[in-house]
Amino acid sequence: MTSPTRRPYTGSCHCGATRYIIFLTLPHTPAPVQPGQQRSPNGVQNFYRCNCTLCHKAGLLHVRPLSPTDDFLLLTPLDPYTEMGDYTVAGLPYPPSHWLFCKGCGMRCVSVRGAGGVVILDVDEAGLGPVADRLREAGLVGPEGKVTAWRPEKPDGDDGAWNGYLSINGYSLDAGQEGLDLREWKEKGWVLYLDLLELKGKGCAAEVQYERPQDGGAY
């Protein structure tokens, strides 16, 4: 059996205007379900599908990295809140979530909450070696071996886990990458299913589960 290894993976929208890197540790180790748990766990890598009307109608496979700041880089565009379409959803008592989408092809690659900024990183020092050829082919590596990217800031305070929310749409990960096979995510029981369908009303959510989708959801 392959040992869990953290490495970068590339993703993009259909037209290529949105490009990103996410670090994932695969094979995945699913977080155990706690008694009465109704939300996806924070502070761990997790993959899940949600039956709320937004996630379900958008066809999202949520991929949450261990650390939004350390494990995600948006390569293009570099100013997502102005250069991408932004469907903003109120998240009371938390800050609003930005469900960003490409203005060209309309694909949703990333949802984020909180501020971010542009960084310049050395390809090798940042651990991007496994995807370096893909980045060079896309013209994203400068002459000195640097890449410029936007990434979320590390949040502060007690609500840091929610203020620093970031989820990428797993269906936007580029195919053909080593160790990345979305079929095995379902086959090996790595996908968590949440019950946040608004029609049920507050306080009526079922406990999260790995076995099968919640009512109103889908595999």
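Just so it is clear, none of the values below were taken in a lab; they were calculated from the coordinates. Keep in mind the model is a prediction, meaning the values are calculated, not measured. With ideal geometry, Cβ positions are generated from the backbone for all residues, glycine too; neighbour counts draw on all protein chains shown.
A few points about this structure:
- Cysteines in the chain lacking a second Cys C-beta under 4.7 Å: C52, C109, C204
- Compared with the alpha-carbon gap, the fully stretched path from K57 to T29 is longer by 7.3 nm at 0.36 nm per residue.
- Pairs of Lys in the chain closer than 23 Å at Cα, counting only those 8 or more apart or on different chains: 5
- Viscosity 0.890 mPa s, 25 °C: Kirkwood-radius Stokes-Einstein D of the range 16-94 over Cα pairs, µm²/s: 164
- With the simple model of a label 7 Å out from the Cα in the direction of the Cβ, C105 to E198 spans 2.9 nm.
- The range 107-148: Rg to Rh, with Rh as the Kirkwood radius over Cα pairs: 1.05
- Debye log10 I(q)/I(0) for the chain, one point scatterer per Cα, at q = 0.10 Å⁻¹: -0.44
- One quarter of the surface of the convex hull around the alpha-carbon atoms of the range 65-116 equals 3.9 nm², the direction-averaged projected area.
- Theoretical gain in end-to-end length, E153 to D122 [0.36 nm per residue, Cα-Cα removed]: 9.3 nm
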